[in-house]
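Q: Submitted below is the structure of interest, expressed as structure tokens.
The values are calculated or read from the model by the stated rules, or taken from the named source; none is laboratory data. Predicted model only: the values in this text are computed from it and were never measured. Cβ coordinates were reconstructed from backbone atoms using ideal geometry, including for glycine residues, and neighbour counts include every protein chain displayed. Protein only, heavy atoms only, side chains kept; ligands, DNA and RNA dropped before computing areas. Shrake-Rupley method; radii C 1.70, N 1.55, O 1.52, S 1.80 Å.
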Amino acid sequence: MAQSYNSVIIIGAGAAGIAAATKLLKNNFNNFIILEAENRIGGRIQTLPFGDGHIELGAQWIHGEEGNVVFQMASAQNLVSDKRETIQQFTNSTFVTSSGREIKSNHLREYINVAYSVLDDSPKDDLERFMSLGELFQKRIENVLVDTEELPLKQFINWCQHYQNSYNGSDSWFEASAINIDTYKSCPGYPAISWKSKGYSTEKFNDEVEHLHIKDKVIFGKEVVKIYWSGEQAEVLCADNSRFQAQCILNTMSLGVLKNLCNELFEPDLPEYKLNAIQNLGIGTVDKLFLKFPYSWWSKNNTGFSFLWSNDDREKFIKENKRRGWDYLCDVFGFYICDNCPNTLLGWIVGPAARNMERKSLDEIKIGLMYLLNKFLGDKYTIPFPDLVTRSQWGSNSHFYGSYSFHSMNTDKEGKANSQLAKPLINSNGKNILLFGGEATHSSYFSTVHGAIESGWREADRILEQFSE
């Protein structure tokens, strides 16, 4: 027997689910609940206190200004930082080789600027359209950058791959299609804007959630294991055997969950076109590693450190540390100063290495990261042991199975998979019974918070229209 009956069930209290709930309540539509598998709202937004500041385990920046609903809401409440230096944290960082040598070539900044802009231009022909981002990068850069002893090109390109993967959300830039350049629409303005203080958790930004009592609509700890969507009513079965019925379900689960569970989650099975959309869109793992030190041991003007591994050093490191399981450390491509958190460095790691890292204990990670930092920087700096260490685990968390979506080599070259994923399913009476929201359902702003919010508003409009008839 169902525990409750509502007009609508929203699955997931992430950005899309909360955005949908907000719009429903603002339009005096109250007959709904939100089922959330975690014990918090936010989904892939997770802000935590850390030492004397705050860190973002998930979504961190506001991507663009014009047309970005997050920027519009945050700037209206004076929550946006005036600084526009986020990208410079990477490009102006100190590049160091695995032998501990700091790169001081006069060509370094030129190489960085070229590498950063080489994927700005759309694919020029069908040949480029059918390339991966990795292939396109290599094609465009091969005649531009020259290998030198003072600036080893292969090591630099390997760093570029890791950086690009962290931006796209792919495990490898050979998995991401070149069509991402066209299908993903950037909002005009600075591409990665920081918050003034507490990021997405800031009280003012969540005032609306509190004012509308959205949390009263959320039932936490409800991991959905089955969605029945045939007939006039829909039903949801949770892992604790609780059941909920509704006329309509809005599913905002992440693409990673859909990929892993789509063949067993829905009854009846999803239509073939939707299964294809789920399987052909991509999602990878982008993780963060936070180290808070007792003091800032790096120079005041230093924005971070980028690590350049040689193939020989990498192979030697993995062989020597095989028993320790430290191979993942070779894919930590740098550490950078952390906004809104003093004396803290943020390390980035992507792909299979990130999921490997997620299986380690924090003590193991702390020892490994200190070894890594001393390998690259120990000759120049005396590095104190960190006071605090934490990390994200987006790849292994069964409520997410990944960080954010991208267009893979299997995605149709017109980029229609997102709209196919977003298409509602109807019952025998021609009514919408199963709706889909979330960043992966946005055709232009996939992978972003503003895309997730817009998708939630889109589906709320669909619900309001249906129940007004």
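Q: Cβ-Cβ distance below 6 Å, separation of 6 or more or different chains: which pairs start in the stretch 1-23 with a residue that is of a type in the set (D, E, K, R) and end on one that is open to solvent by 10 Å² or more (accessible area, probe 1.4 Å)?
A: From the stretch 1-23, the pairs are Lys23/Trp457.
Q: Now, a different point. Pairs under 7 Å by beta carbon, first residue modelled with pLDDT under 95 in the stretch 415-427, partner buried (at least 20 other Cβ atoms within 10 Å of the Cβ) and assigned to a loop (DSSP other than H, G, I, E, B), six or more apart or different chains?
A: Gly415/Ile179
Q: Are any residues in the stretch 276-297 in a helix (DSSP H, G or I) and either more than 22 Å from the chain's Cα centre (by Cα) or not aliphatic (A, V, I, L, M) (or both), and if so, which ones?
A: Within the stretch 276-297, Asn276, Gln279, Asn280 meet the criteria.
Q: Going by the conditions given, is Ser172 in a loop (DSSP other than H, G, I, E, B) and either β-branched (Val, Ile, Thr) or at pLDDT below 90 (or both)?
A: So Ser172 fails the test.
Q: Out of curiosity, is Gly67 farther than 26 Å from Ser408 by Cβ, touching a residue at least 60 places away in the same chain (Cβ under 8 Å), surrounded by fewer than 19 Cβ atoms within 10 Å (Cβ to Cβ) and among the small types (Gly, Ala, Ser)?
A: Here the answer is no, as Gly67 does not meet what is asked.
Q: Identify the residue in the stretch 144-164 that is β-branched (Val, Ile, Thr) and surrounded by fewer than 18 Cβ atoms within 10 Å (Cβ to Cβ) and, among all such residues, is farthest from Gly284 (Cα to Cα).
A: Per the criteria, the residue is Thr148.
Q: Go through the stretch 71-97 and count every residue that is touching a helix residue (DSSP H, G or I) at 6+ places or on another chain (Cβ under 6 Å) and at pLDDT below 95.
A: 2
Q: If only one of Glu267, Glu272, Glu315, Glu358 is of a type outside the set (Lys, Arg), surrounded by fewer than 21 Cβ atoms within 10 Å (Cβ to Cβ) and within 29 Å of Tyr200 (Cβ to Cβ), which one is it?
A: Selected residue: Glu358, the only one of Glu267, Glu272, Glu315, Glu358 that is of a type outside the set (Lys, Arg), surrounded by fewer than 21 Cβ atoms within 10 Å (Cβ to Cβ) and within 29 Å of Tyr200 (Cβ to Cβ).
Let's see how each residue does on (1) assigned to a loop (DSSP other than H, G, I, E, B); (2) closer than 24 Å to Ser98 by Cα; (3) out of contact with any Phe, Trp or Tyr (no Cβ under 8 Å at 6 or more places or on another chain):
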residue: Leu119; (1), (2), (3): yes, no, no
residue: Ser122; (1), (2), (3): yes, no, yes
residue: Arg140; (1), (2), (3): no, no, yes
residue: Asn143; (1), (2), (3): yes, no, yes
residue: Leu151; (1), (2), (3): yes, yes, no
residue: Phe156; (1), (2), (3): no, yes, no
residue: Trp159; (1), (2), (3): no, yes, no
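Q: Further question on the same structure: In this structure, is Phe317 out of contact with any Phe, Trp or Tyr (no Cβ under 6 Å at 6 or more places or on another chain), closer than 18 Å to Thr97 by Cβ, assigned by the TED database to the domain that holds Gln161 and hydrophobic (A, V, I, L, M, F, W, C)?
A: yes
Q: Give the residue that is most open to solvent (accessible area, probe 1.4 Å), with candidates limited to residues of the stretch 86-120 that are in contact (Cβ under 8 Å) with a residue 40 or more places away in the chain and among the charged types (D, E, K, R).
A: Checking each candidate, the answer is Lys104.
Q: Same structure, new question: Would you mind finding the one in Leu291, Leu369, Leu373 that is in contact with a Lys or Arg (Cβ under 9 Å, 6 or more places away or on another chain), modelled with pLDDT of 95 or more and over 30 Å from Thr411 (Cα atoms)?
A: Unique residue meeting the criteria: Leu291.
Q: Follow-up. If I filter the stretch 248-257 for residues that are β-branched (Val, Ile, Thr), in a strand (DSSP E or B) and open to solvent by less than 10 Å² (accessible area, probe 1.4 Å), do I get at least one hit?
A: Within the stretch 248-257 (the criterion being β-branched (Val, Ile, Thr), in a strand (DSSP E or B) and open to solvent by less than 10 Å² (accessible area, probe 1.4 Å)), the answer is yes, since at least one residue qualifies.
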